[in-house]
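The values are calculated or read from the model by the stated rules, or taken from the named source; none is laboratory data. On a predicted model such as this, the values are computed, not experimentally measured, just so you know. Glycine also receives a Cβ, built like all others from the backbone with ideal geometry; neighbour counts cover every protein chain displayed. Side chains are part of the model used for accessible areas, which takes the heavy atoms of the whole protein and leaves out ligands, DNA and RNA. Shrake-Rupley method; radii C 1.70, N 1.55, O 1.52, S 1.80 Å.
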Amino acid sequence: MAFVNFLVYLAIMMGIYGILSLSLNLQYGFTGLANFGQVGFFCLGAYITTIITLTFGLPFILGLIISMVVAGLFGYVIAIPTADLKEDYWAIVTLASAEIVRMFFLNEDWVVGGGVYRGGAFGVGGIPQPLKSYFSAQSYPFFYFMIVLICLIATYLIINKLTRSPYGIVLKSIREGEDRLAQAMGKDVKRFRLKTMAVGGMFGGLAGCLWAHYYGFISPRQFLPLETFIVWAMVIVGGKGNNKGAILGAVIIIIFYHSTRYLKDYIPVEEVTLASLRMVAIGILIVLVMLFMKEGIIKEKKPVY
Amino acid sequence: MTLIQVIVNSIIRASELALLALGLTIVYDILKFANFAHTELAMVGAYIAFIFNVGLGLPIAVAAIIAAIATGLFSILIDRAVFKKMRESTGIIVMVTSMGVGIALRNTVRAIWGPDAQNYAVPLQKPIVTAWFRITPLQVWIIVIGVLAMVAFYLLLHYTTLGKAMRATSDDPALAQASGIATEKIITYVWFIAISFASLGGVLIGMETYIQPVMGFAIIIPVFCAAIMGGIGNPYGAMLGALALGLAENFGLYINFGKVLNLGGLLPFSKDFYIPTGYKPAISFIILIVVLLVRPRGILGKKKEG
């Protein structure tokens, strides 16, 4: 039974990271936006839904919607200063934005609304799980997996539809540095970039919301910048500019990440060292894929005219 | 704290930041990508100095010099193994790769020395106390080394053949190559200079506080901010940006914004308001945003956009 539980856990992680990966793929893979702050949306989604459901006692579905809206708005706003600038600026501004979000939830623990919100460095526990009372402790993870799966499929369908529409073609022309081509078609490149950050941010928030309700406990330590680069590894390995690739990348990296946990049963190495080595491997993996397999496992479909 | 003390602290911070921002900006200038492994290499330098200082018992000054040379050579090695193969790739590809390199470096150090903070074997510093400010001998050294490094870089850039070749390569690599400048050789020198400076900065920060695997990542935002503020790719801009950022970080915490809001007592409300120290890292970020909105090419800017 323990093994089945572990598989369900893995499947839920794949689903949540799959959403993050799809969202980053929309921004980086399709539009060429170097979002180095994906974890910021994830963090924001997790905290907003916690405040909505735990502090205000509102239902899960409201937490989900509001966290998506807030994360989407956040994506729009942080993109404004860099909308006209090159990728280097995007990278540092998004990286810094995610750090600000984390810093905010690390430092602030004020009283909001009806309840007392105790956040800060110690984190927040007791986040309600949706429809928990209808299930036994054994079967609940299966139900939660279904929620995650539905969200993943919805994300996939929406982003797929988006990237195949004329909208997606404009995004690709922006990625290829052909701003003038997009402008010639009468498209406002700046607005497209902002919108893409907003849509991507929304799904990042969704992933954060699902994470918070699954764990029931969140703290700023879970949202370190390293998370962002795990998602980057997923997009790069799976194949940028391909939505199936983004999900495949999430599956591969999650399996790698969690299977190496059990290495310490076989080789004498400490937990901290193992965690570091795992990240060394992810860093090297990013470099190797960039050097030798730029397209990733599933290549982007190039349209034939 | 007196006003002069705040200025002195700003200059100390600026000296550390300038050593790092300068290297970042010259690599960007020649290779046209934002090196996200830059501050991680500074951290590697700090740990190499740790081996020679604590492990082998050498004085910290000797250890710092060895570390600067070793880290500089190490960066050339990384360039040969990774970045050299990507000269034709777009900035974003190389940038993401450099992030991968940075993650690998940080976690390798973390796997070897563990995540905790460590100290160099330097005697406890007795501060020099004057009427207006106090400063430790080490902090005096930080300022001296910072200024000397800047002067050395200026002389190198303007009075040596290498400097001339570097400027030519920065302006137009193809033309430089056609005029008989071996651009690959220039790139090698640029890596060495940039990363030696960064390593020195890493050691100085480590001496003033402590060394830790995350120390490189912790300063990535201020260092990028200083480089961008001065106009990325412009070495003098990076120095100016570092100074501006040092002042901003220290004055940001010193100023009572309550007094600013009621115009120094003109308006009838008074409430003290200081930026909480927990938000100190946010100051550089806010300045970065303002700079990008107002002057995206930085204070000094760059001659032309390629």
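A few remarks follow.
- Residues (under 30 Å from A:GLY283 (Cβ atoms) and of a type in the set (Ser, Thr, Tyr)) located in the range B:110-140: B:TYR120
- Number of positions in the range B:108-122 that are within 7 Å of chain A (Cβ to nearest Cβ) and either of a type in the set (Phe, Trp, Tyr) or under 14 Å from B:ILE211 (Cα atoms) (or both): 3
- A:LEU106 being of a type outside the set (Phe, Trp, Tyr), within 14 Å of chain B (Cβ to nearest Cβ) and not in a helix (DSSP H, G or I): no
- Only one of the listed residues (B:ALA104, B:ALA111) is in a helix (DSSP H, G or I) and more than 30 Å from B:LYS185 (Cβ to Cβ). That residue is B:ALA111.
- Search result, residues across the range A:17-53 that are among the small types (Gly, Ala, Ser) and touching a strand residue (DSSP E or B) at 6+ places or on another chain (Cβ under 6 Å): A:ALA46
- Subset of the range B:274-305 [modelled with pLDDT under 80 and in a loop (DSSP other than H, G, I, E, B)]: B:ARG295, B:PRO296, B:ARG297, B:GLY298, B:ILE299, B:LEU300, B:GLY301, B:LYS302, B:LYS303, B:LYS304, B:GLU305
- Residue match in the range A:24-46 (condition: open to solvent by 20 Å² or more (accessible area, probe 1.4 Å) and farther than 30 Å from A:SER165 by Cα): no
- In the range A:220-245, the residue that is nearest to the other protein chains (Cβ to nearest Cβ) out of those that are basic (Lys, Arg) and part of a helix (DSSP H, G or I) is A:ARG221.
- Given (1) under 21 Å from B:ALA42 (Cβ atoms); (2) among the β-branched types (Val, Ile, Thr); (3) surrounded by fewer than 17 Cβ atoms within 10 Å (Cβ to Cβ), number of the condition B:THR160 does not satisfy: (1)
- The test for being open to solvent by 10 Å² or more (accessible area, probe 1.4 Å), closer than 19 Å to B:ALA49 by Cβ, without any contact (Cβ under 8 Å) to a residue 60 or more places away in the chain and within 12 Å of chain A (Cβ to nearest Cβ) does not hold for B:THR90.
- Matching helices (runs of 4 or more DSSP H) fully within the range B:180-259 where at least 1 residues are open to solvent by less than 10 Å² (accessible area, probe 1.4 Å) and closer than 20 Å to B:VAL8 by Cα: B:183-208, B:220-229, B:235-254
- Residue count, the range A:169-191 (criterion: in a helix (DSSP H, G or I), charged (D, E, K, R) and away from every other protein chain (no Cβ under 14 Å)): 3
- Tally, over the range B:40-82, of residues that are within 14 Å of chain A (Cβ to nearest Cβ) and either part of a loop (DSSP other than H, G, I, E, B) or not acidic (Asp, Glu) (or both): 9
- The criterion of being of a type in the set (Lys, Arg) and free of Cβ contacts under 8 Å to residues at least 40 places away in the same chain does not hold for B:ARG106.
- Only one entry of A:GLY296, A:GLY283, A:GLY249 meets the criterion of being buried (at least 17 other Cβ atoms within 10 Å of the Cβ) and on the phi > 0 side of the Ramachandran plot, and that entry is A:GLY296.
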